[in-house]
Amino acid sequence: MAESTEHQLESTSHSRPRRARAWVLGAIVVVLLGLIAAQGLFNLWAFVPVETGSDTLLLYAISTLNFVAFFVFSFILLRTLVRLRRARHARQAGSRIQTRLLAYFIGLSLLPITAMAAFSYLFLNRSVEKWMGRLPENVVERVREQQREIVETQNHRLRETATLLATAIRAKPQSEWQATLDELQSTGEVTAIEIVSNSGDVIAAARSQIPSVNALELARVLEAGRRSANPTDGNLSDAKGFDLASAALTDSTRLILVPRRFSDADANDIIAGSQSEYQHLVQRQRKVRLLGLSTLGLMTLLLIFASTWVAIHLARGLAAPIKSLAEASKEVARGNLSHRVTTPGNDELALLADSFNQMTSQLEENRRRLEAGAAILKEKNQALEERRDYIETVLNSLSTGVVSLDQNDCVTTMNAAATSILRLSEPPPEWAKLSSLLTQEDRAVLERLIKRARRAGRAAEQSQLTRGSAVNSIPVALTVTALGGASRGERGVVVVIDDLSELLTAQRAAAWSEVARRIAHEIKNPLTPIQLSAERIARQFGVRANGDDNGPGNGHAMTTDDEELQRVVEECTSSITREVAGLKYLVDEFSRFARMPDAQKSNTSLNDVVTQAAALYEDRLNGVELHLDLQPDIPLAMLDGEQMKRVFVNLIDNALEALTSSNEGHVSVSTKLDPQREMLVGEVADSGEGIPAADFKRLFQPYFSTRGRGTGLGLAIVQRIVTEHGGKIRAENNVPHGARFVVELPLST
Amino acid sequence: MSESILIVDDERGIRESLTAVLRDEGFAPDAVASGEECLKAIGQRAYGCVLLDVWLPGISGLETLQQMREVNCDAAVVIISGHGNIETAVRATKLGAFDFIEKPLSIEKTVLTVRNALRQRSL
């Protein structure tokens with residue numbers, strides 16, 4: 001047991017800083033156990049009787065030591081148990097298994113120890129009883145022997161005395177026997193002396209005075225002696241009370257001698273001595289038994305301590321690695337994969353700890369890899385995100401509308417241009433059905449195309465998006481491309497919508513420009529011979545009428561008919577010339593539109609341009625109020641001053657024309673900076689009748705005039721100039737009435 | 001001897017009316033309908049002035065002018081155009097055109113320009 005304790009101590013000493021103390025305590029336990037064992041084994045008490053004071057001192061010293069040891073061990077054990085209980089309460093790792101192991105170990109060790117203690121107790125009791133039982137028997141034996149010896153000696157002496165007296169009396173004559181007996185009796189040594197016949201008759205007798213108490217006893221003794229020469233009654237020779245000796249005097253007579261009565265004093269002394277010795281022994285027996293029992297108890301306790309201790313150490317030895325494993329599991333569960341279990345020794349638990357460490361290191365490695373992978377993934381994700389942002393930015397900056405749909409025709413992405421082309425007030429929520437965003441006609445067009453694209457991979461068409469009403473209708477180029485992947489019919493698609501209105505406007509403007517050029521050419525060419533011919537006719541007639549000798553009718557006076565003819569010719573030729581001039585003006589207007597030169601841009605103040613344009617109308621307002629509202633600090637912009645002046649001249653002209661019928665009202669021209677969009681905004685608004693909804697679309701087309709006069713090129717020229725400056729013009733109805741033309745010009749171009 | 005003038009225009013009406021007007025004014029005008037014919041004509045006869053339309057079938061008026069310069073034709077060239085713009089005028093001037101008159105032509109303007117051109121050439 002001590003060895004295993006040591007082994008356990010050794011096995012746990014690596015992790016226990018207080019191993020020295022444990023060693024010392026273990027050693028003390030071993031020594032004490034050894035002492036007790038030695039006492040028991042060699043029966044030291046037999047050799048070292050505890051009679052002297054120093055022995056008692058030794059006994060007390062050992063008892064005290066045992067007591068102290070008992071307390072110390074109790075304290076340590078208690079402390080260990082309390083600590084364990086606390087650990088259990090705190091639900092510390094390993095405390096449960098430690099408790100359970102402790103309980104098992106203690107239970108297991110208590111069983112044999114208790115059995116041994118019980119057995120030892122019984123054995124000790126028996127031994128002490130046996131040992132103690134022998135002591136008074138010896139004493140009694142000795143006393144009895146001594147008494148027997150004494151009695152025998154006395155009897156022997158009594159018989160010798162009787163024989164001697166008989167011999168002496170025999171020499172005397174029978175008559176003197178009485179006197180002799182009396183003489184003998186008078187010595188005082190004899191209680192009674194008689195001479196009796198064999199038949200028991202008393203021949204002579206002498207008796208000393210005795211207390212009446214003993215008289216009866218004496219008579220009985222004498223009677224016994226008279227009856228038989230050799231009385232068998234043991235009481236007559238037991239040296240107690242009255243003894244009797246008999247000796248033959250003659251053939252027919254006997255001498256009976258009863259000596260002085262024996263007191264019991266000598267034998268009593270011996271017995272009393274023996275009894276006191278016995279009492280002493282009994283007292284000692286209690287002490288020894290007490291000592292033995294306490295030693296046994298202490299030994300049992302020490303054994304229990306030792307076994308408990310061993311149990312604690314064993315449990316701790318088993319529980320410590322389990323505890324550290326449990327703690328390690330907790331750490332690992334908490335995410336600390338760098339935690340390692342350190343277990344001394346090389347048993348299975350150490351193997352388990354090793355496996356655990358390997359596992360955690362593998363986990364750590366895996367986690368490291370995972371983290372590295374996650375970092376790469378994150379980077380890639382970020383790159384993807386950036387790419388997505390980039391694509392989204394690109395998509396949103398496109399003027400082409402892009403809408404992507406999933407296989408259920410739900411919108412997955414829609415760029416800003418698409419939102420504006422489809423005239424949605426805000427981007428639709430993700431997964432909105434495309435059909436819910438469109439009018440029925442537009443839906444039909446798109447759905448047909450999408451179906452075709454899903455079948456053929458791609459479908460394109462130029463169409464009109466009505467966007468709710470005919471007024472909002474715009475020409476668009478629709479291209480639907482099916483996304484790769486899923487099977488046919490379940491593919492997502494990308495719808496690309498190009499707003500062709502500007503392109504068509506430009507194309508129309510270019511066509512008109514071409515038409516204008518051709519018209520200019522085709523009209524002006526025949527105008528030349530007409531003009532020349534008319535002038536020539538007029539000239540020839542004038543020459544002839546003025547008597548020019550070059551003409552026909554030379555030398556003839558002009559008749560009335562001639563004068564009439566000349567007047568008609570002059571009227572006609574001047575009419576022709578005038579109409580040719582009118583046609584030329586008209587054609588020139590066309591030409592101006594057709595051969596609009598490229599803008600010569602320079603840093604120009606829009607306010608100056610507007611002021612100059614307005615100045616041209618100062619004396620032509622006819623009661624109309626022209627109000628300028630110019631933001632004073634707007635920056636210079638790259639503009640062709642002359643062309644831009646023409647824009648505002650045309651717009652003001654247009655506005656004034658709208659008010660001509662009423663000859664009152666007002667026109668306001670304003671400029672301002674839109675810093676957010678970096679745009680200069682010029683507005684010309686009138687308080688006229690406004691623009692009918694149906695006219696908005698055709699407003700900027702060449703040869704469209706609401707006035708029924710003019711060339712119809714004014715607004716077309718305005719739009720062309722504004723467009724060439726990278727800007728935009730739009731018309732809207734003024735509030736409360738009238739029209740408003742808004743020119744937006746970028747600062748940068 | 002009256003000054004010979006070459007009229008180059010694809011419009012028959014213009015050719016005829018101009019020829020008549022210039023003949024009235026005492027010039028000796030010829031008329032052709034294209035640049036190619038013009039180049040051929042100047043090779044056959046020395047003209048004092050050439051009235052050259054810009055828009056011509058085949059080689060254009062300005063190209064014809066350039067080629068005339070290349071063959072060292074010293075006739076004073078007056079460009080006539082129905083849709084004259086500044087660029088054309090500048091180019092024509094750079095190629096040595098004397099003047100630039102716009103259709104529809106008037107007798108007064110045309111005769112004045114032709115006389116100026118001829119006077120200029122004779123200096």
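Read-outs: derived from the displayed coordinates by stated rules, not from any lab. As the structure is a computational prediction, the values presented were derived from the model and not from experiment. All Cβ positions, even for glycine, are placed from backbone atoms using ideal geometry, and neighbour counts span all protein chains on display.
Observations
- Extending 7 Å from Cα along the Cβ direction at A:D354 and again at B:N116 yields two label points whose distance is 11.7 nm.
- For peptides B:109-119, A:302-312, A:427-437, sequence by mean Cβ density within 10 Å, most packed first: A:302-312, B:109-119, A:427-437
- Separation of the A:E664 and A:R730 label points, Cα + 7 Å toward Cβ, nm: 3.3 nm
- Whichever lysines have a C-alpha closer than 17 Å to that of A:K130, once near sequence neighbours (fewer than 8 apart) are set aside: A:K287
- Counting neighbouring beta carbons within 10 Å and listing from fewest to most, the residues A:K601, A:K584, A:K330 come out as A:K330, A:K601, A:K584.
- Within the stretch A:601-677, GluC sites (Glu not before Pro) in DSSP loop having at most 14 other beta-carbon neighbours inside 10 Å: A:E664
- Here's the list of lysines a cross-link from A:K433 could span, going by alpha-carbon distance under 24 Å and ignoring same-chain residues fewer than 8 apart: A:K451.
- Modelled label positions at A:Q362 and A:V282, each set 7 Å beyond Cα in the direction of Cβ, lie 8.1 nm from each other.
- For the pair A:L78 and A:S228 in one chain, pulling the backbone fully straight at 0.36 nm per residue adds 45.5 nm over the alpha carbon distance.
- All other residues whose Cβ lies under 11 angstrom from that of A:A655 are scored, Lys and Arg at +1 and Asp and Glu at -1, for a net of -3.
- Helix-derived mean residue ellipticity, 222 nm - over the protein assembly as shown, DSSP H n ≥ 4, -39500 (n - 2.57), to 500: -20000 deg cm²/dmol
- For the stretch A:319-362, the residues whose amide N sits under 17 Å from a probe point set 7 Å from the Cα of A:L370 along the beta carbon direction are A:329-339, A:358-362.
- Within straight-line cross-link reach of A:K601, lysines at Cα separation under 18 Å, skipping those fewer than 8 residues along the same chain: A:K645, A:K728
- Put simply, when A:217-229, A:373-385 are sorted by average Cβ atoms within 10 angstrom per residue, most first, you get A:217-229, A:373-385.
- At full extension, A:R620 and A:I210 could sit 127.9 nm farther apart than now, given 0.36 nm per residue minus the alpha carbon distance.
- Ranking of A:D640, B:D10 by count of other Cβ atoms within 10 Å, fewest first: B:D10, A:D640
- The fewest-to-most ranking of B:C73, A:C572 by surrounding Cβ atoms within 10 Å reads A:C572, B:C73.
- On the basis of the beta-carbon distance and an R0 of 30 Å, A:E642 and A:A510 show a calculated FRET efficiency of 0.85.
- Prolate/oblate/rounded call for the stretch B:4-122, Cα gyration tensor, a/c under 1.5 rounded: rounded
- The Cα atoms of the stretch A:393-481 give a gyration tensor whose axes a ≥ b ≥ c have a/c under 1.5, which makes the shape rounded.
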